[in-house]
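What follows is a short report on a single structure.
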Amino acid sequence: MNSISFEKANLSDALRISVLLKTVYIQTYAVDGVTYEFANFITTRFSPESIEKTIKKGPNQLLIAYNTSNPIGVAEFIYNSRCPIRKEPVSELSKLYVLERFYGKGVGYGLLKEVERSVVEHGAKELNLEVYTKNSRAIAFYKRQGYQTLGRVDFPMEVNTYENLVMNKKFKD
């Protein structure tokens, strides 16, 4: 594997980012296969047009991990979000997706560290994220990085809801 670089997303990469997000989402969450609900969700949420809007809206808030100039991971974060547990303003990591082939190679860790650095530079004292309660690999990863569970929230998708943990990391001054 060649060197991995971390850069802000480019509009020209919207299609490839769309495919990456759909692939990781299915691999992670489609435990019963690709249901209509999942197909509808990812087709809309991760369309190239939706990715382009995200990049235009917050060009510095969508980071891509590249291997030989090809996207292999994505991190999206929001500077001004709201904690669903404490109901307070907080920065949020809204996505951290890495292609399975690149697990264990520092891609997720590198993306997370870039996000943490960016939100701290922006004045954040902490960072929240939500993770599916059945995604034990991701939960273990976040715990190793110093994140603690604040509580649980439901993630609605059409007629079903999925339980997520809300995790938080406070940064030292």
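A few comments on the model shown:
- Scoring K53 on the criteria (1) in a loop (DSSP other than H, G, I, E, B); (2) out of contact with any strand residue (DSSP E or B) (no Cβ under 9 Å at 6 or more places or on another chain) leaves a single failure, condition (1).
- For segment 123-134, the count of residues that are more than 30 Å from Y36 (Cα to Cα), outside any loop (DSSP other than H, G, I, E, B), over 17 Å from the mean Cα position of the chain (by Cα) and among the hydrophobic types (A, V, I, L, M, F, W, C) is zero.
- Top-ranked residue in segment 56-74 [being out of contact with any Asp or Glu (no Cβ under 7 Å at 6 or more places or on another chain) and assigned to a strand (DSSP E or B); ranked as farthest from A14 (Cα to Cα)]: N67
- Take the conditions (1) in contact with a strand residue (DSSP E or B) (Cβ under 9 Å, 6 or more places away or on another chain); (2) on the phi > 0 side of the Ramachandran plot; (3) free of Cβ contacts under 8 Å to residues at least 60 places away in the same chain; G106 misses just one of them, which is (3).
- Residues in segment 92-108 that are buried (at least 16 other Cβ atoms within 10 Å of the Cβ) and assigned to a helix (DSSP H, G or I): F102, V107, G108.
Residue by residue, here is whether (1) farther than 25 Å from N60 by Cβ; (2) of a type in the set (D, E, K, R) holds:
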residue: R101; (1), (2): yes, yes
residue: K113; (1), (2): no, yes
residue: V119; (1), (2): no, no
residue: R144; (1), (2): yes, yes
residue: M157; (1), (2): yes, no
residue: V166; (1), (2): no, no
residue: K169; (1), (2): no, yes
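- Candidates P84, P48, P71, filtered to the one that is within 16 Å of the chain's Cα centre (by Cα) and not polar (S, T, N, Q): P71
- Here is the figure for segment 57-81: residues that are in contact with a Pro (Cβ under 9 Å, 6 or more places away or on another chain) and surrounded by 13 or more Cβ atoms within 10 Å (Cβ to Cβ) total 3.
- Yes/no for R117 being surrounded by fewer than 14 Cβ atoms within 10 Å (Cβ to Cβ) and either free of Cβ contacts under 8 Å to residues at least 24 places away in the same chain or in contact with a helix residue (DSSP H, G or I) (Cβ under 8 Å, 6 or more places away or on another chain) (or both): yes
- Qualifying positions in segment 125-164 - under 17 Å from E88 (Cα atoms) and in contact (Cβ under 8 Å) with a residue 24 or more places away in the chain: K125, E126, L127, N128, L129, E130, L150, G151, V153
- Entry remark, segment 51-74: residues being in contact (Cβ under 8 Å) with a residue 60 or more places away in the chain and among the small types (G, A, S) number 1 in total.
- If you go through segment 120-144 and keep only what is closer than 19 Å to K172 by Cα and touching a helix residue (DSSP H, G or I) at 6+ places or on another chain (Cβ under 6 Å), you end up with just L127.
- Some residue of segment 13-29 being farther than 20 Å from L93 by Cα and touching a Phe, Trp or Tyr at 6+ places or on another chain (Cβ under 8 Å): no
- Subset tally (residues that are among the hydroxyl-bearing types (S, T, Y) and over 18 Å from N135 (Cβ atoms)) for segment 75-104: 3
Taken together, the values in this text are just the output of simple stated rules run on the coordinates, not laboratory data. Since we're looking at a predicted model, the values are computed, not measured. So basically every Cβ, Gly included, is an ideal-geometry build from the backbone, and we count neighbours across all protein chains shown.
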